Amino acid sequence: MYTRIKELRKEKKLSQEELALAVGTTRQTISSIETGKYVASLPLAYKIAHYFGLTIEEVFDLTEYL
Amino acid sequence: MMRGSNKMENYKKVVKSRIWMLSLIVILAVGLGIFDVFWASDEMKESTIYGFQSGVIDALGILAAIFLIRYKKLLHNEKELKIQYNKENDERMKAIKAKAGMPILLITSLAMIIAGVIAGYFNFTIFTVLIITSVCQLLVSLVVKLIYTKIM
């Protein structure tokens, strides 16, 4: 699944580790989500989107599920 | 729903209870080690099963001591404690562990090792079969875990 996490992280000058700590996950999970290897659960997707002040649809490309 | 600070307070209590349990294991391992050196008879020391049992207990004692030091350090570092909490509750890792058959495979393997040691005092073949089966089971689980860590 395509996500804007990497782009948003770069804008905020955040490392994967810092984002992981803020949303309650690990750096490896953030890395897997960014590369599309792992699809985040709804609570984690919500936490990530909320952290950036955006909606889930604005961070995650959900069109493949339509 | 639990708030962040409550979660961490509860996790601190979990870590403290783990420290207590690990301390017990270390004391038990040291106690058995002392028994082994001073009071175990030569006949006992020559037994393969007794040797295996002592080796497992010593290894458990060393591992418990390592984890004990790690947990003690965690209690004094809020950031590291949060990282450890996140590691233990990470949804991806939980999914990988579930695919690798954890924790049931670990429980059955430990049960087989304990049963193997007890059975070993009566029949060496049963001991060998149970230990090899449990080790193979754990190895398969480890390989599955490594594969899923790469692809997930």
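What to note about this one:
- Test result for residue A:38, among the aromatic types (Phe, Trp, Tyr), surrounded by fewer than 18 Cβ atoms within 10 Å (Cβ to Cβ) and out of contact with any strand residue (DSSP E or B) (no Cβ under 7 Å at 6 or more places or on another chain): no
- Residues that are among the hydrophobic types (A, V, I, L, M, F, W, C) and open to solvent by less than 90 Å² (accessible area, probe 1.4 Å), drawn from region A:41-66: A:44, A:45, A:48, A:49, A:52, A:54, A:56, A:59, A:60, A:62
- Hey, residue A:26 modelled with pLDDT of 95 or more, of a type in the set (Ser, Thr, Tyr), crowded, with 17+ Cβ neighbours inside 10 Å and under 21 Å from residue B:150 (Cβ atoms) or not: yes
- Here residue B:149 meets the list (1) more than 28 Å from residue A:41 (Cβ to Cβ); (2) out of contact with any Leu (no Cβ under 9 Å at 6 or more places or on another chain) almost entirely, failing just condition (1).
- Restricting the search to helices (runs of 4 or more DSSP H) fully inside chain A and requiring at least 1 residues that are away from chain B (no Cβ under 14 Å) and out of contact with any Pro (no Cβ under 7 Å at 6 or more places or on another chain) gives A:5-12, A:42-52, A:56-59.
- Within region A:11-66, the set of residues being β-branched (Val, Ile, Thr) and closer than 23 Å to residue B:88 by Cα comprises A:23, A:25, A:26, A:29, A:30, A:33, A:35, A:39, A:48.
- Qualifying helices (runs of 4 or more DSSP H) (wholly inside region B:58-152; at least 2 residues being out of contact with any Phe, Trp or Tyr (no Cβ under 8 Å at 6 or more places or on another chain), open to solvent by 70 Å² or more (accessible area, probe 1.4 Å) and touching a residue at least 40 places away in the same chain (Cβ under 8 Å)): B:124-151
The values are calculated or read from the model by the stated rules, or taken from the named source; none is laboratory data. The shown structure was predicted, so the numbers you read here are calculated from the model rather than taken from an experiment. Glycine also receives a Cβ, built like all others from the backbone with ideal geometry; neighbour counts cover every protein chain displayed. Heavy atoms of the whole protein, side chains included, go into the accessibility calculation; ligands, DNA and RNA do not. Shrake-Rupley method; radii C 1.70, N 1.55, O 1.52, S 1.80 Å.
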